[in-house]
Structure formats: C-alpha cells, structure tokens
Amino acid sequence: MTRGGLGIAALSYVAIDYMRYVSPVWHSRLMPVLWSVLAIAVVTRVLFYKHWSKELRAAIPFLGSVVFLLCALLFEALCVRSVTAVLGLDWHRETPPLPDTGQWFLLALNESLPGTIVEILRAHIIGLHHFLMLFIMLGFSVAFDSVKAPGLGLGARYIFTMGVGRLLRAITFVSTILPSARPWCASARFNSVPSHPHRWAQKYYVPYANDPAAIRKLLHWDATYADPGSYIGDYRADWGSMSFLSEFLRPSYSEGSSWFALLKKAGGGCNDLMYSGHMLVAVLTAMAWTEAYGGFSSAMIWLFVAHSAQREIRERHHYTVDCIVAIYVGILLWKMTGFIWSAERKTKQTKLEKIQNSLIHAAKDGDMETVRRLVEEIEVSSRVEKQSNVISNRTMTVFACATVITTLTIVILALTLTSDG
C-alpha cells in the first residue's frame, strides 16, 4: 500500500464501478470481489495496527465533527426548501436560465473535438459517491501505514471542513436567489409548492421586478411604495413547537404532516445553489488525498475533479461560477483546518528526548548525582507508561473492535441504502 497500492485500489474501484454502463454483468461479478478483497485486507491489518491510542484520542473530535456536519446539513436543507418555495412555481417556470459562458465553451468544444473525446467528457466516470468512497479508502489506509495516523483525525478534519463549507454554501445561496439552469426542475420535483410568491416577495419583489422606472423610484425613496393588493395566503401546518418553519418551507396540505419528512424531499433544490456541493466534496477529497498520500494517484484524483466539474456544467446541474467558487473555497477551507490533522505535524517527544541535553551535560561535567537522578526519572516514567499501557490495552481492544465494526457497517449502509452515498 505504501508503494502505490492505495492508488491502484482507488483506480480499480472507479474502473470497475464504471463497468455498470459498459457491462452490467461483469460489474455485478467484479464489484463484490473488490469489496471482499479490500475488507479482508483491512480486517487482517487491523490486528497488527499500533496506533489505537492515537485513534482513541481522536474519537471525540471525530464524533464532534459528525454532529457539526449533521447540524450544517439540516440548516442547508431548510435553506434549500425555503429558496425554492419563496417565489412560487410560476417564477421557476417563467424565469430563463442565466447566460453561462462555460456552457457555451463546452458546446463549442463538442463541435471541434473528436467524437471519442467528447464521449469521454460526457461519460459518467466519477460521481459524488465515488469521491466519498475514495476518502473512506484513504482513511482506512492508516492500517497499512500509507497515511499518517490517526485515521479518525483525518476523518474529523474532512467532516469538519465539509460542515463549514456547507454552512457557508447555505448562507451564500439563500442571500440571492438565482434561477435554475434547468427551468423544468421545480415543476417536476416540487409540484406541491404554491404557484404564487410568498407574501414577503409579493410586497418587496413582485411590484418592482419588471419595471425599471419602479426600481429607479425605489432606489430614490429607499422605501416600498407600490400597493401589492390583497395578499394571497398560505397553508399553515401544525408542527407543534416547530410550526414557525411553515412560514419558510411553505408546505401544502398533502405534505404538511411532518417538517422533517418535508425536508427529506428537498434534495439538491431547484434554484441555482451557489456554490456546488458536489464539487466541494470532490475538492476536499482531492486535497485530503494530496496531503495525506500524494503521488501519481493524487494527480488522477484532480483529473476526476476536473471531469466532474465539466459534467456539472455540461448537464446543467450548476453554472460555471458555482464550480469555480467551490474549487477555491474547498482549497482554502482545507488549508485553514490543518490544526485538526496534518501530515506534517511533529510527533510528541519522549521523556528521554526531553532530558537528553541535560543528561549529556551532566555526563561531560562528571556530575554523577545528576546523571543518577535523570536515569531514575526515565525509569519511573517507563514504569508508569507500562502500567498505563496494560490498563489501556483492554480499552484499546474494545475500542478497536467497536470502531472497525461501526465504520464498516456505516459504509455498507451508505452504499446499499442511498443512491449517491
């Protein structure tokens, strides 16, 4: 693994998974074999893993990062539904997409490049679940000493950084509502959203949206002046203490039984959500791979990132600006969270290293009393370390089994119960 095996395993996973489009029969045969080989290799190496004490120290930051990410995803889901519903379905149907030079550029390339290259650019080689799985493989590779321990420390940094990125993303796209690059999306996925705008939009947006003179007068007075007429009301769901969310989520009578069930339908939303969440995941995976492992395989991961970006633009899941912003935000956020885990962090000094200089000076000066005292300190500290290791070995065994079983279970559930990880 340390000599490139991890890169080979990663590329094999991507190649075999792509076979679902080329040869579904061979895909169904080879993918279980690959997972079995990787799982057996990890379980076998776990028995000889020497860094469980580091993993235990990283467990609390890891769990804290998971909770933080879940809270960020909940906030993001609230924002996704809100920005989709606030202007109503009529606005989504009638508002054209924004002009995107990246889309024009890709269409021009389709006309000038050989057909084979265009088909490669169109191919679904890499997706969101691939990048998530590539990071999971990177985290497990600590068992092979190909990545610096602790793996949970690397995972904590990845998850915490993604949580920060998701929060910033939600704040960004909720600030200014942009039309989708796919105008039919809202009608197809959110057909229960009211057709009319929210009462705030009826007052502050609709009277001035298409009249330059009205906008000029609004700027001059800096106050609303148009009469919006009678407000069209919305259904108010009874969600108990969470009923206030009905003001933002605008549920219909048929879907108003649970606010959480409503949020699960949000998915990626049907506005342009600045910046791309898929690209954020891809860039964070590439940054983690580059710092922790490096080598030729990291260059391939960045090629996958580039391929994924042009597909997001080509298939109009996002505008070009969403992908560009996601790339540099992901890079900057990863650079800012090195305090959680870093491949370049120095190891902690042992007791002998700390007193080495004092011991050398005492020996040169012939101060045998000081030498004897320093040696006794080392012996005492050694005995304490051994005793603590005896106590911790039992804890480490339980912790190691729980960590491996829990992590593998989560990975299996993520692959089997979801379509994209």
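What to note about this one:
- Membrane-span-like helices in the chain, defined purely by DSSP H runs whose alpha carbon atoms cover 24 Å or more axially and whose average Kyte-Doolittle hydropathy reaches 0.0, are 5-22, 24-46, 52-85, 151-175, 295-314, 320-336, 368-417.
- Å³ per residue enclosed by the Cα convex hull of segment 8-53: 74
- Taking a Cβ cut-off of under 13 Å around LEU30, the surrounding Lys, Arg, Asp and Glu residues balance to a net charge of +1, with basic ones at +1 and acidic ones at -1.
- Distance between segment 199-234 and segment 158-180 - C-alpha centres, whole angstrom: 28
- Separation of the ARG199 and ASP211 label points, Cα + 7 Å toward Cβ, nm: 2.2
- Counting protein heavy atoms only, the chain has 65 percent of its accessible area on carbon and sulfur, 1.4 angstrom probe.
- Annotation: amide H of LEU178 within the under-5 Å range of ASP272, sequence separation 5 or more or interchain, hydrogens built in the peptide plane.
- Amide H contacts for VAL147 (H built 1.01 Å from N in the peptide plane; partners 5 or more residues away or on another chain; cut-off under 5 Å): VAL142.
- Relative contact order for the chain: 23 percent, from Cα pairs under 8 Å spaced at least 6 residues apart, divided by residue count.
- Using the Cβ-Cβ distance between ALA226 and LEU168 with R0 = 30 Å, the FRET efficiency computed as 1/(1 + (r/R0)^6) comes to roughly 0.30.
- Bins of 5 Å from zero: percent of alpha-carbon pairs in segment 120-261: 2, 7, 9, 10, 13, 13, 11, 10, 8, 7, 5, 3, 2, 0
- Computed with a 1.4 Å probe over protein heavy atoms only, the accessible surface of the chain comes to 56 Å² per residue.
- Theoretical ellipticity at 222 nm over the chain - DSSP helices of four or more residues, -39500 (n - 2.57) apiece, nearest 500: -22500 deg cm²/dmol
- For segment 154-259: relative contact order, % (alpha-carbon pairs under 8 angstrom, 6 or more apart): 23
- Note, ³J(HN,Hα) from phi for segment 242-251, Karplus 6.51, -1.76, 1.60, rounded to Hz, x at Gly and Pro: 9, 4, 4, 5, 4, 5, 9, 8, 6, x
The values are calculated or read from the model by the stated rules, or taken from the named source; none is laboratory data. For clarity, every value in this text was computed on a predicted model and none was experimentally measured. So basically every Cβ, Gly included, is an ideal-geometry build from the backbone, and we count neighbours across all protein chains shown. Note: areas computed on protein heavy atoms with side chains; ligands, DNA, RNA excluded. Shrake-Rupley method; radii C 1.70, N 1.55, O 1.52, S 1.80 Å.
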